[in-house]
Structures are given as structure tokens and as C-alpha cells.
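All of the numbers you see were taken from the coordinates with simple rules; none came from a lab. Predicted, not measured: the structure shown is a model, and the values here were computed from it. Here the Cβ positions follow ideal geometry from the backbone for every residue, glycine too, while neighbour counts run over all protein chains shown.
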Amino acid sequence: MARKPFDPTLAQGALFSQPSAASSEQDHASADPGARAPGVVPMTVTALASRIKEALRLGVPGSFSVRGELGRVSRSQHLYATLREADATIGLVMFARELARLDFEPREGLAVVVRGRLDFYGPQGKLQVIAETMEPDGQGDLDARKRELERVFRERGWFDAARKRSWPRVPRHVAIVTSEGAAALHDVLNVHRGRGRTCTLTLVPTLVQGDRAATEVAAAIERANAASPLLPFDCILLVRGGGSKEDLWAFNEAAIVEAIVRSRLPVITGIGHEIDVSLADLAADGTAATPSLAAASVFADRAALDEELSVRSADLDRAIRDAMDAFALKLERLTNRPVMQSPAAAIVPARARVDGLAARAQLAVRQATSTIVQKLTGLEARLSRLHPSAKQTAARVRVDDLSHRLAQAAARSAERRASGVDLIARHLEALSPTSVLERGYSITLGADGQPIRSADRAAPGTELVTVVADGRISSTVTATEKESS
């Protein structure tokens with residue numbers, strides 16, 4: 001609902017209050033301009049200014065919007081200006097906190113829309129507008145149009161994160177789409193030089209402002225893609241310096257946004273300042289707040305790459321040394337085993353085990369025989385007590401038969417155990433290094449007494465000892481020949 005214009009007759013406050021009857025009589029009595037009613041004290045200028053300020057506060061409460069042209073602009077920490085049109089002028093003040101939120105530079109002659117409140121500044125007797133917000137006249141229409149375009153492009157999927165592409169960490173060739181001689185181009189070149197010039201740059205010149213800027217930039221992006229077979233670009237860097245929203249409006253147009261989406265090459269944007277976010281930025285594969293930051297996100301830092309290479313090289317050297325130390329320790333442990341120090345000593349535990357098994361078998365046979373003898377002795381004692389000759393004869397025959405069978409069983413048991421012991425002994429003997437030597441094989445030892453397992457350890461002139469079944473042979477190497485694997 002529109003605010004009604006200010007009407008002083010409807011204002012409230014002491015300054016505009018109707019006089020009382022007594023005061024009316026006094027005023028009538030003192031109709032003489034030079035006379036003053038007895039007992040009436042004139043108010044001070046400060047009090048009058050306070051009443052005016054209070055009347056404005058009560059009569060025009062809250063904030064309002066006003067359209068006008070900026071004049072007499074003065075800016076330090078705060079902004080001081082006038083807001084004017086053909087037949088009227090009023091003072092304007094915008095304090096630093098609100099001023100910092102502006103995304104354009106207020107300048108004399110610029111048509112603006114201001115939202116604020118009225119204030120009367122007593123020390124200078126000024127009626128002024130305290131501005132809370134300010135935007136160029138017509139800016140609201142641009143913002144609404146941008147919001148509508150953003151909605152349409154988002155529905156088409158042009159801003160989806162899934163369609164965004166990455167670019168090489170160290171690109172070899174970058175296409176720069178911007179205006180030739182623009183400050184943004186100089187910023188990009190400065191970053192390129194500062195980072196060690198790690199890639200080749202090719203300028204694809206274009207307009208970046210004006211009515212034809214959108215179609216020109218879109219055509220430049222298409223030219224960069226078309227030239228890629230001849231000039232193998234890794235990505236496109238689209239940059240433009242700061243400006244007003246009108247100056248940057250081309251980067252919200254469908255032509256540029258669609259060209260970025262259709263580009264085969266990744267597109268990285270750096271448009272305007274930190275507060276500027278265009279629809280081209282939303283569609284780009286990567287974006288930065290300024291042209292310099294966009295260049296820094298694309299160009300690899302040679303010094304950082306050299307430092308990273310040094311660190312990774314040191315890590316690789318350390319890993320190789322650790323692996324070699326681990327293999328050397330494993331080899332040392334293998335060569336220090338008793339069987340490698342003295343192969344003949346390896347059969348000693350096996351021989352001791354065979355002797356133990358044989359002793360246990362003999363003991364078992366003796367124990368079985370003793371048990372049988374004890375049983376026979378008991379049976380003889382029982383027979384002698386029973387004594388009847390018939391039973392004694394039958395029993396003796398039976399005893400003789402049992403004795404014979406027991407003796408046979410004991411003999412067979414002893415024979416089986418002895419056969420088992422012999423079999424184990426033969427197996428152990430077959431596994432013995434001595435048996436290997438007796439079959440014609442030999443073990444060659446170096447001067448340190450360690451077995452020679454590779455021709456690399458037997459250089460010409462090396463003295464060797466060859467162990468055979470019945471002795472040792474000393475020799476000196478005259479030549480070596482290593483079989484290819």
C-alpha cells in the first residue's frame with residue numbers, strides 16, 4: 001500500500017498543537033508585534049530543533065522510498081550528497097555500515113532509488129534523508145530479470161554439479177577469453193609470470209561489455225573449442241574486471257551461459273569483484289571471485305610443484321632404503337640358521353630322535369615279555385596247587401600252547417616295532433645332507449664358510465672349499481659363467 005504524502009495539518013506533537021484558551025487570550029492581548037505576554041519565556045533554538053525533530057518522527061514515522069538524482073556527492077567514511085529533481089532538493093546521508101553493502105559506486109548525476117527515513121540535523125538546521133539502502137534506478141528490474149533467468153537455466157540443468165568437469169592440475173595450454181588490453185588480462189598475465197609460466201597462453205579476444213558482448217563472448221568460446229585440434233587447449237579462462245551491474249549484465253545472458261554449458265573444454269570464470277556472481281559463474285566448471293584468483297586456480301605454481309617433487313622424491317628414496325634394509329635383515333637371518341652354518345649338524349637331532357624311538361621299542365618288548373613271564377609263573381603256581389595229574393597234564397598242554405602263542409605274538413609285535421623303527425631310520429637317513437653327499441652331490445663353501453648360492457659370489461681368484469661325502473676339496477675360481485634366466 002502506497003504511503004500518503006506528508007500533511008503538516010495531520011502531524012502530532014507539541015510544535016503543531018492547538019493553543020489553549022488562556023494562551024489565545026494572551027496572544028490576542030499581545031497583538032502588538034513588539035510586545036510579549038507577561039510570564040512567557042521564549043524557547044531556545046535547540047528546543048525548537050528538538051520539537052521539529054520530534055514532529056518529523058511522529059508525523060513521518062518509519063522508512064519510505066524516494067527516487068531522485070544524486071548531486072554534490074562527497075564521500076569519506078560516510079556518504080554525503082543531495083537527492084534532487086527539477087523543482088526540489090533534499091540532503092542525503094548514508095553511513096559507513098550501509099555504504100559498505102553497496103555493489104556500485106554512487107556518483108553525481110546517477111539516478112537512484114533510496115529507502116530511508118527523515119531526520120532534522122539541529123547543529124546545521126538541515127532536513128535530510130538518512131539512507132538505509134540505495135540502488136540505481138531500474139536496478140530492481142535487472143535483479144528480477146536475473147532471478148527469472150536463473151530459474152529457467154536451473155530448470156534446464158545448466159547449473160547442475162554433475163555436468164561440471166575438471167581440468168588438469170598442470171595445464172599445458174590455456175585459452176584466455178577477454179578483451180585485449182583489459183585490466184583483467186594484465187592481472188592474469190601477472191599471476192602467470194609470478195607462478196613460473198608453467199603453461200602456454202593464447203588470447204581469444206572479444207568484447208566484454210555492451211549490447212553485442214553476449215554474442216561476442218559466446219562466439220569466442222566456440223572459436224576456442226573449434227581451434228582445439230590445432231591448439232590443444234586444456235581449458236578456457238573467461239575473465240572480466242569489475243563494473244556496475246549494467247556493465248556486467250552480458251554475463252547473465254543465455255548466449256554466454258549456453259556456450260559455457262556446450263563447451264567441450266572446461267570453462268573457469270573470474271568476472272567482476274567478490275560481490276559479483278553472474279549466471280555464467282553458476283554454469284562454469286570452476287569460478288573465482290576475481291580474474292587474479294581464477295588465474296591462480298588454473299596455473300600451477302612452479303615453486304610449489306618443485307617442493308612437492310622434492311618431498312615425494314625423498315619419500316621414495318626412504319622407502320627404497322627401508323625395503324633394502326628389510327631384505328638384508330631377512331637374508332642375514334636365513335644365513336645364520338644352524339643348517340646353513342653346518343649342514344652335517346642338521347642330522348644330529350634326527351639321529352637322536354631315532355635312537356630314542358628304538359630305545360622305547362626295546363623297552364616295550366621287554367615289558368611285554370616280562371608281563372607274559374609273570375602270567376606264566378602265576379599259572380604254574382596255580383597248577384602246582386591243584387596237582388591232579390589229568391588236569392595237570394591238560395593244563396600243562398594248554399599252558400604250553402598259550403606259552404607258544406604268546407611267544408609268537410611277542411615275537412611278531414617286536415618284529416613290527418623293529419620294522420617301524422627301521423623305516424623311520426631309513427626316512428631320516430634319506431633326508432640327511434650326508435645321504436645327499438653320498439649320492440654324488442656336494443656343497444661349495446666360500447672363504448667365510450657360507451654356502452655359495454650364486455655365481456656372483458665366486459669371482460675369479462676366490463678360494464672355495466667343496467664338501468663331498470668323504471672329505472673336503474679346496475679350489476680357486478678361474479672363471480665363472482652365469483646361466484641366463
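Table for the structure above
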| read-out | value |
| --- | --- |
| Dipole magnitude of region 142-300 about its Cα centre (Cβ charges: Lys, Arg +1; Asp, Glu -1), debye to nearest 20 | 600 |
| Chymotrypsin sites (Phe, Trp or Tyr not before Pro) restricted to region 42-123 and DSSP loop, no more than 15 other C-beta within 10 Å | F95 |
| Within-12-Å neighbourhood charge of S419 [Cβ basis; K, R +1; D, E -1] | +2 |
| Cβ-based charge dipole, the chain, positive-most Cα from A144, V421, S166 | V421 |
| Contact order normalised by residue count of the chain, Cα under 8 Å, 6+ apart, percent | 8 |
| Counting all C-alpha pairs of region 41-108, share separated by more than 19 Å (%) | 52 |
| Cα Rg, Dmax, region 142-300, angstrom units | 14.4, 44 |
| Gyration tensor over alpha-carbon atoms, the chain, equivalent ellipsoid semi-axes in Å | 114, 42, 24 |
| Dipole axis of the chain (+1 Lys, Arg; -1 Asp, Glu on Cβ), positive-most option in M43, V114, A359 | A359 |
| Under the Karplus curve 6.51 cos²θ - 1.76 cosθ + 1.60, θ = phi - 60°, whole-Hz ³J(HN,Hα) for region 84-95, x wherever Gly or Pro sits | 9, 9, 4, 10, 7, 9, 9, x, 9, 10, 10, 7 |
| Neighbour count of at most 12 Cβ within 10 Å plus DSSP loop: longest GluC sites (Glu not before Pro)-free window in the chain | 275-480 |
| Rounded to the nearest 20 debye, dipole of the chain from Cβ charges on Lys, Arg, Asp, Glu | 3960 |
| Rounded to 5, percent antiparallel among DSSP beta bridges of the chain | 65 |
| Expected 222 nm ellipticity per residue - DSSP helices of 4 or more, -39500 (n - 2.57), all of the chain, to 500 | -15000 deg cm²/dmol |
| Placed amide H near T466: partners under 5 Å, 5+ positions off or other chain | L445, I473, S474, S475 |
| Listed residue (A409, F95, L238) projecting farthest to the positive dipole end of the chain, Cβ model | A409 |
